[in-house]
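The values are calculated or read from the model by the stated rules, or taken from the named source; none is laboratory data. None of these values were measured; they are calculated from a predicted model. Here the Cβ positions follow ideal geometry from the backbone for every residue, glycine too, while neighbour counts run over all protein chains shown. For the accessible areas, the whole protein counts, side chains as well, though only heavy atoms, and no ligand, DNA or RNA atoms are used. Shrake-Rupley method; radii C 1.70, N 1.55, O 1.52, S 1.80 Å.
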Amino acid sequence: MSDADLTAVKAALTSQRIETPSWGYGNSGTRFKVFAQPGVPRTPEEKLDDAARVHEHTGVAPTVALHIPWDRVEDYGALAAYAKERGLRLGTINSNVFQDDDYKLGSVTHPDAAVRRKALAHLLECVDIMDATGSRDLKLWFADGTNYPGQDDIRARQDRLAESLSAVYERLGEGQRMLLEYKFFEPAFYTTDVPDWGTAYAHCLQLGPKAEVVVDTGHHAPGTNIEFIVALLLREGKLGGFDFNSRFYADDDLMVGSADPFQLFRIMYEVVRGGALEEDAGVAFMLDQCHNIEPKIPAIIRSVMNVQEATAKALLVDRDALAGAQRSGDVLGANAVLMDAYNTDVRQLLAQIRQEQGLDADPVAAYHRSGWASRITDERKGGQQAGWGA
Ligand code: PSV
Ligand code: MN
């Protein structure tokens, strides 16, 4: 690799930004049990304190996604100021229309117009919050669906969904976007109202340029070629962002890059190929994970590093050699170019980049040395730990 190429790779890695989720710092679990961990934040402010540690050690995680109502506060402007004092910004606002009893049969697709109005009011409130926090993106995920054939009218539910989405779209201000997330099942088991990228894309296309699709890497059936979806959405200019995590079975929400680092590399290669690492491409790289059994802050640091490693390998692909092999139909040659990059150990390169920025080469070790874990264990006594209470 030439010096100029290496400089470009380093620049891309230095400017990459990865958003961490407020809920990743709180307790979480399965539908059987939420396990409490010592030192877990009790307030949105304490979640930001933890997120600031992740940014301090990695240098690439300056924004934090909020989930409403899990992160509800009286004054969002004050929360944004609190974040700023710690070198952070408030990022994507995630709506939550899946935890009230009213939503048993759906939220924006519910057969009862009164429930739909309630859900819509929440989504609009989230845009008000974005105004106060200065957030660009509203991320919408709906648990809506049905469990039994005949339970509700599949097509009417699409009409109801479109109506609410359009009302939210109209409310978006200058520079604000809505990101529509899909998931093939869970909690609904028969139909899901936004089950796949095609449904999300169709709605976003209908809505207009401020509506884009978000790809949660855990939200596909086994064997789905996610990088194909990424390539296609980028080509259509409709990829708004990622919710990164790993899965072995369903929506496991494990650390990104832990289950299938090769898949993450293939996804990041399409990102690089599609020019989506550039900031003006408007693709948000977010984590959406739950650290049920592992310590949360180091797990989030590790996840950020996993995304960086996959990105570095993707950037190392010799694009000219690859294009040449592809043009000449050299199947094995083309595959070898990709595999060469994947099999490169990029840890030293990333360590060097960190040191050049005045960071520790090993962010996890630096975190462990910092004493933060024992400090929060001592200080965060009493009060109600944050968590989504399964
Ligand atoms: C749904 O499974 C999801 O991926 C959505 O992004 C939610 O906002 C998030 O998880 C809640 O943890
Ligand atoms: Mn998600």
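For the chain, the 222 nm mean residue ellipticity estimated from helices alone, with every DSSP H stretch of n ≥ 4 adding -39500 (n - 2.57) and the total spread over all residues, rounds to -14500 deg cm²/dmol.
Heavy-atom accessible area, probed at 1.4 angstrom with all protein chains present, ranks Y269, Y182 as Y269, Y182, highest first. Using alpha carbon centroids, what distance separates segment 1-53 and segment 212-251, in Å? Between the Cα centres of segment 1-53 and segment 212-251 lies a distance of 19 Å. If only the Cβ of Lys and Arg carry +1 and only the Cβ of Asp and Glu carry -1, the dipole of the chain around its Cα centre is close to 360 debye. Here segment 3-379 carries DSSP beta bridges of which approximately 15% are antiparallel, counting only pairs with both residues inside. Comparing G175, G26, G329 in a Gaussian network model of the chain, where Cα atoms under 10 Å apart are tied by springs, the biggest mean-square fluctuation is seen for G329. By the gyration tensor of its Cα atoms, with a ≥ b ≥ c the square roots of the eigenvalues, what is the shape of segment 333-390: rounded for a/c under 1.5, prolate for a/b over b/c, or oblate? Cα axes put segment 333-390 in the oblate bin. The residues R117, R302, R380, sorted by heavy-atom accessible surface at 1.4 Å with ligands and nucleic acids left out, run R117, R302, R380 from largest to smallest.
Working value for the chain: equivalent-ellipsoid semi-axes of 33, 28, 19 Å, each the square root of 5 times a Cα gyration tensor eigenvalue, largest first.
Roughly how many percent of the accessible protein surface of the chain is carbon and sulfur, given a 1.4 Å probe and a whole-percent answer? Carbon and sulfur: 51 percent of the exposed surface of the chain. Heavy-atom accessible area with a 1.4 Å probe sorts S164, S370, largest first, into S370, S164. K381 contributes an accessible area of around 130 Å² to the protein surface, as traced by a 1.4 Å probe with all chains present. Per-residue surface analysis assigns D131 an accessible area of about 80 Å², computed on protein heavy atoms at 1.4 Å probe radius. Based on protein heavy atoms only, segment 221-294 ends up with 42 Å² per residue of surface accessible to a 1.4 Å probe. Separation of segment 125-172 and segment 351-372, taken as the distance between their Cα centroids, equals 41 angstrom.
In the chain, which whole DSSP H runs stretch at least 27 Å along their own axis (Cα) and average 0.0 or higher on the Kyte-Doolittle scale?
Length and hydropathy pass: 113-133, 296-316.
Measuring nothing but alpha carbons in segment 244-390 and taking Rh as the Kirkwood radius, the Rg to Rh ratio lands at 1.06. Counting only protein heavy atoms and using a 1.4 Å probe, the accessible area of R273 comes to about 130 Å². Close Lys pairs in segment 3-379, defined as Cα atoms under 18 Å apart and 8 or more places apart or on different chains, number 12.
Placing unit charges on the Cβ atoms of the charged side chains and taking the dipole of the chain about its Cα centre, the candidate lying farthest along the positive direction among G91, V272, V214 is G91.
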